[in-house]
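The values are calculated or read from the model by the stated rules, or taken from the named source; none is laboratory data. Predicted model only: the values in this text are computed from it and were never measured. As a convention, Cβ positions derive from the backbone with ideal geometry for all residues, glycine included, and neighbour counts pool all protein chains shown.
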Amino acid sequence: MADSRFFSVAGPFTLARLAEISGAELAPGADPAAEFDDVAALDQAGAREVSFLDNRKYLPAFAASKAGAVIIHPDMADRAPAGMALLLSKDPYRAYAKVAQAFYPRPAVEPWVAPTAFIDPAAKVGEGCRIEHGAVVYAGAEVGARCHIGANAVIGAGVVLGDDCLIGANATVQFAVVGRNVNVYPGARIGQDGFGFAMGPQGHLKVPQLGRVIIGDNVEIGANTTIDRGAGPDTVIGSGCMIDNLVQIGHNVQLGRGCVIVAQVGISGSTRLGDFAAAGGQAGFAGHLTIGMGARVAAQAGVVKDVGPGETVGGTPAVPQMEWLRQSAALSKLVRRKG
Amino acid sequence: MADSRFFSVAGPFTLARLAEISGAELAPGADPAAEFDDVAALDQAGAREVSFLDNRKYLPAFAASKAGAVIIHPDMADRAPAGMALLLSKDPYRAYAKVAQAFYPRPAVEPWVAPTAFIDPAAKVGEGCRIEHGAVVYAGAEVGARCHIGANAVIGAGVVLGDDCLIGANATVQFAVVGRNVNVYPGARIGQDGFGFAMGPQGHLKVPQLGRVIIGDNVEIGANTTIDRGAGPDTVIGSGCMIDNLVQIGHNVQLGRGCVIVAQVGISGSTRLGDFAAAGGQAGFAGHLTIGMGARVAAQAGVVKDVGPGETVGGTPAVPQMEWLRQSAALSKLVRRKG
Amino acid sequence: MADSRFFSVAGPFTLARLAEISGAELAPGADPAAEFDDVAALDQAGAREVSFLDNRKYLPAFAASKAGAVIIHPDMADRAPAGMALLLSKDPYRAYAKVAQAFYPRPAVEPWVAPTAFIDPAAKVGEGCRIEHGAVVYAGAEVGARCHIGANAVIGAGVVLGDDCLIGANATVQFAVVGRNVNVYPGARIGQDGFGFAMGPQGHLKVPQLGRVIIGDNVEIGANTTIDRGAGPDTVIGSGCMIDNLVQIGHNVQLGRGCVIVAQVGISGSTRLGDFAAAGGQAGFAGHLTIGMGARVAAQAGVVKDVGPGETVGGTPAVPQMEWLRQSAALSKLVRRKG
């Protein structure tokens, strides 16, 4: 059960209701009227709690679980301990997400402006916003309805935030036009100058960075992540992108819809990722590349040339994933033979 | 054209004036009296806008461009579309930087101290400074003339900032002596304790970090970058260094003049880089190394031994760049032969 | 000598007292009554200053040093210049740490609450705390005695801080239960949502993150480091862990006691490190791994499978360190043969 100092649980919900919420099917024998109080991990859940199995690594935990109900792929159903109610789903993690959101809905924003916040008279703040202590909203900014601006966050002049945005504590947003329901985590830096200058032995000469950051709807931007504004064109983050912590996104980068960028990835200037492209942790992209729709880049890969749609690449310099695995194997064999 | 919510454009300028500003030469046929209103990318510029071509990758965009004038290397001049005015420069990006700075000069700092800022009575703040909301300047700090301290930024006790510094929102500067015209981006952390402790099974024992961070003139320090102060000696950042976002610089590191450090690079304690050394994104340096003047380190390289002046290295562990490329090629061939 | 704008030195101390403080032994000929004023690096120390030699790389500096006293391993004693007093220790760096702490003790926290700080009436703040300008402490938080909360730092609702914690400027701590004497550096982000969502072409679905961050005693968490809270289980940082700057620690990660995590390391969700495991800079760990007690991971390594207790691994994908070195050597030889 989640710590009540930090979380409030809704419910209880009947199994029938949870099936409806999650789109999962009740397995034979499960009692639709049985009530559940909470979600919990397989090894911690009790009779009135719902859990899930997604990663096969946790099959033993599933087999030993005391959870009253578990969301699971139909193929695994025969591994269930006796007496456990099963919610069958072809995408058990997604079904679990819906159940967990039902038990722990995002709290509604309670409208309020802290007396220590500063909102420039020439800024517009929509209905139902909450502006926390020490937050600053500069002139010309337009904040949509029901936004929550965290403590000591800074919204620069002219910035546009759509409805229902959540800006974390100590984050800064400048030179940006942001869609609806965007979640900027604490300490993220959006819209500062890109790394653009003309190098030379007589000194590097700064090039004015004249673009913006354009962010779609339903985007998450992780803690302490940095997204530079465009140099002339804009930096663009498509709707539905999930960006983890400590990611660097250079000027003029364009991410399509639904991209997944894991922590500490770096994307150099003017590189474009197609819709639903994904990059594993600490991967790096050179500048001016085109990465196709649905491409996948392994963790720590170093991408130095274009990647086709749907391709998976790994290694530095990155090559098709199968080739990278063969390279690793060949290298390993080479050593063993000589060792 | 840059978004007027965020940028104000100067001008118009005649072509003759732009040639003078940029040091470029007018190509035959260009009208020196023609007026221009703005800069723009090749694919977006119109008849009264100036663009530039630097990266050959954008030659097709150049050939199709409707820009009224383009700054370009003389060698490319014959690829220009008919009727385009050309500004010829051997360093077109640098010439463009000057033109763009003319259209978009850095706004003058309007002197002001926010009522919510705290400036310790024992701090000195120079003439013409602007101190934004919630910024804090501790006792003994000395802030030069015309500095701009961003919202919720924190300047620690005793810190010295030269004239014309720009400290971004939510940045912190401690134990540091900073030169003129230094631009610290939002969220950068300067001067905290270095990672120094005596390890041991009975517990790691913290070693007091007794040095400072010394920063020269005309330095840029990227968003959320961290620069630890020295352990005893100082950490030193030479004049003219350009440091991108999310870079880690350990205690006692010394960067010479004009070094270029791309995003997410990590430099371990006591390593020294000579003047104009450059490190690509995500490169890492072990501690106690000497990297020569003008050395270049490829992105993601792992440098574990000294690098000579002017050398280029890549790979992990880093080797001369040509050797690294051969290694990659050999590995690739090995796999193809066996595959 | 440390810059008096930033540091105050205690002392002087006699050699006898320094031997007692550090646990080192006076070498024959050293005068126990001799007084010392400060610590300094080998190449900067004078007759009344104490230095140390730990890294053999600095043997020449030792031989040329004018330091009045040096802490050194007994094996090196015969390299000492004539007239230098020696403090002999099998762990000279640890002995130096104790001496330096004596000269530069951590200043006592002067109790105070800034008028611009906000402390919710429903928060508890212990005796002797100092809460700096613009800091925010939300309802239900419990702050132990003698804590120092930096300027513009944010302590979220319900957070527990043990005694003697130091929270750096602009840091944020949410959903966390923190032990005693924990040092959170400026800009660190603790307790935000983990990167958990169900991916899908119809949009990624956020999974509520219902765990906490549990931090032991005597932990250091570097500048701009990010530690996500658990998804259901907690994220756990054991007592005595030293975590450098810009480190990413994903949800459900567990670090044992005394782990050392160098800058820019990334540890993916649900991975566990045993006591005193250590990771070099920029190393990455895949999720759901078990890393044994005392294991060591080389800088930039990419760990994709479990590592046994006491093992040392390197490379990407990481293999035992000796094998990785052989791989590098073999690759190098392969190229030279063909080159």
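Inside the range C:310-339, residues that are surrounded by fewer than 18 Cβ atoms within 10 Å (Cβ to Cβ), in contact (Cβ under 8 Å) with a residue 12 or more places away in the chain and in a helix (DSSP H, G or I) make up a count of 1. Scoring B:Ala24 on the criteria (1) in contact with an Asp or Glu (Cβ under 8 Å, 6 or more places away or on another chain); (2) buried (at least 22 other Cβ atoms within 10 Å of the Cβ); (3) farther than 25 Å from A:Ser270 by Cα leaves a single failure, condition (1).
In the same structural domain as B:Asn183 (by TED's automatic domain parsing) and under 15 Å from A:Met199 (Cβ atoms): does that describe B:Arg212? Taking the combined requirement at face value, the residue does not satisfy it.
Screening the candidates A:Gly134, A:Gly140, A:Gly128 for the property of being outside the structural domain of A:Ala61 (by TED's automatic domain parsing), surrounded by 20 or more Cβ atoms within 10 Å (Cβ to Cβ) and in a loop (DSSP other than H, G, I, E, B) yields one hit, A:Gly134. Selection of first residues in the range B:42-55 that are more than 16 Å from B:Ala95 (Cβ to Cβ) and of second residues that are crowded, with 20+ Cβ neighbours inside 10 Å and not aliphatic (A, V, I, L, M), restricted to Cβ pairs under 6 Å at least 6 apart or on distinct chains, gives the following pairs, ordered by first then second residue: B:Ala47/B:Gly68; B:Arg48/B:Phe36; B:Arg48/B:Gly68.
Checking each residue in the range C:33-82 for being in a strand (DSSP E or B) and either in contact with an Asp or Glu (Cβ under 7 Å, 6 or more places away or on another chain) or among the small types (Gly, Ala, Ser) (or both) picks out C:Phe36, C:Asp38, C:Val39, C:Glu49, C:Ser51, C:Ala69.
What are the residues in the range B:7-40 that are over 18 Å from B:His73 (Cα atoms) and among the aliphatic types (A, V, I, L, M), if any? Within the range B:7-40, B:Val9, B:Ala10, B:Ala33, B:Ala34 meet the criteria. Taking the range C:245-273 as the range and being part of a loop (DSSP other than H, G, I, E, B), surrounded by 24 or more Cβ atoms within 10 Å (Cβ to Cβ) and either of a type in the set (A, V, I, L, M, F, W, C) or at the interface with chain B (Cβ under 10 Å from one of its Cβ atoms) (or both) as the test, the residues that pass are C:Asn245, C:Leu246, C:Val247, C:Val253, C:Gly258, C:Cys259, C:Val262, C:Ala263, C:Gln264, C:Val265. Could you look through the range A:204-221, keep only residues that are within 14 Å of the chain's Cα centre (by Cα) and outside any strand (DSSP E or B), and pick out the one that is nearest to the other protein chains (Cβ to nearest Cβ)? Step by step, filter the range A:204-221, then rank; the result is A:Asn218. Scanning the range B:35-45 for residues being surrounded by fewer than 20 Cβ atoms within 10 Å (Cβ to Cβ) and within 12 Å of B:Ala85 (Cα to Cα) gives a total of 1. In this structure, C:Ser8 does not qualify as in contact with a helix residue (DSSP H, G or I) (Cβ under 9 Å, 6 or more places away or on another chain) and small (Gly, Ala, Ser).
Residues that are more than 24 Å from the chain's Cα centre (by Cα) and over 22 Å from C:Ala2 (Cβ atoms) within the range C:40-63 comprise C:Leu59, C:Pro60, C:Ala63, listed in sequence order.
Pairs are defined by a Cβ separation below 6 Å, a sequence spacing of at least 6 or placement on different chains, a first member in the range A:1-20 that is farther than 12 Å from A:Gln101 by Cα, and a second member that is among the charged types (D, E, K, R) and in a loop (DSSP other than H, G, I, E, B); the pairs so defined are A:Asp3/C:Arg212; A:Pro12/A:Asp37.
Here C:Pro81, C:Pro111, C:Pro32, C:Pro105 are screened, and the one residue that is under 23 Å from the mean Cα position of the chain (by Cα), touching a residue at least 12 places away in the same chain (Cβ under 8 Å) and surrounded by fewer than 16 Cβ atoms within 10 Å (Cβ to Cβ) is C:Pro105. The residue pairs whose first member lies in the range C:275-296 and is within 13 Å of chain A (Cβ to nearest Cβ), whose second member is outside any strand (DSSP E or B) and among the basic types (Lys, Arg), and whose beta carbons are closer than 9 Å, counting only pairs six or more residues apart or on different chains, are C:Ala286/C:Lys305; C:His288/A:Lys57; C:Leu289/C:Lys305. Screening A:Gly187, A:Gly179, A:Gly194 for residues that are under 18 Å from B:Ala223 (Cβ atoms), touching a residue at least 60 places away in the same chain (Cβ under 8 Å) and among the small types (Gly, Ala, Ser) leaves exactly one candidate, A:Gly194.
Buried (at least 23 other Cβ atoms within 10 Å of the Cβ), under 16 Å from the mean Cα position of the chain (by Cα), more than 10 Å from chain B (Cβ to nearest Cβ) and hydrophobic (A, V, I, L, M, F, W, C), is that true of A:Val307? No: the conditions fail for A:Val307. The set of residues in the range A:132-166 that are within 12 Å of chain B (Cβ to nearest Cβ) and either in contact (Cβ under 8 Å) with a residue 60 or more places away in the chain or β-branched (Val, Ile, Thr) (or both) comprises A:Val136, A:Val137, A:Val154, A:Ile155, A:Val159, A:Val160. The residues in the range B:177-203 that are within 7 Å of another protein chain (Cβ to nearest Cβ), at pLDDT 95 or above and not in a strand (DSSP E or B) can be counted, and the count is 5. Select from the range B:114-125 the residues that are of a type in the set (Gly, Ala, Ser) and buried (at least 19 other Cβ atoms within 10 Å of the Cβ) and write down the one among them that is farthest from the other protein chains (Cβ to nearest Cβ). The extreme case among them is B:Ala123. For the range C:86-102, the set of residues classified as buried (at least 16 other Cβ atoms within 10 Å of the Cβ) and either among the basic types (Lys, Arg) or part of a helix (DSSP H, G or I) (or both) consists of C:Pro92, C:Tyr93, C:Arg94, C:Ala95, C:Tyr96, C:Ala97, C:Lys98, C:Val99, C:Ala100, C:Gln101, C:Ala102, listed by residue number. Residues in the range B:222-244 that are within 14 Å of chain A (Cβ to nearest Cβ) and over 19 Å from C:Met242 (Cβ atoms): 12 in all.
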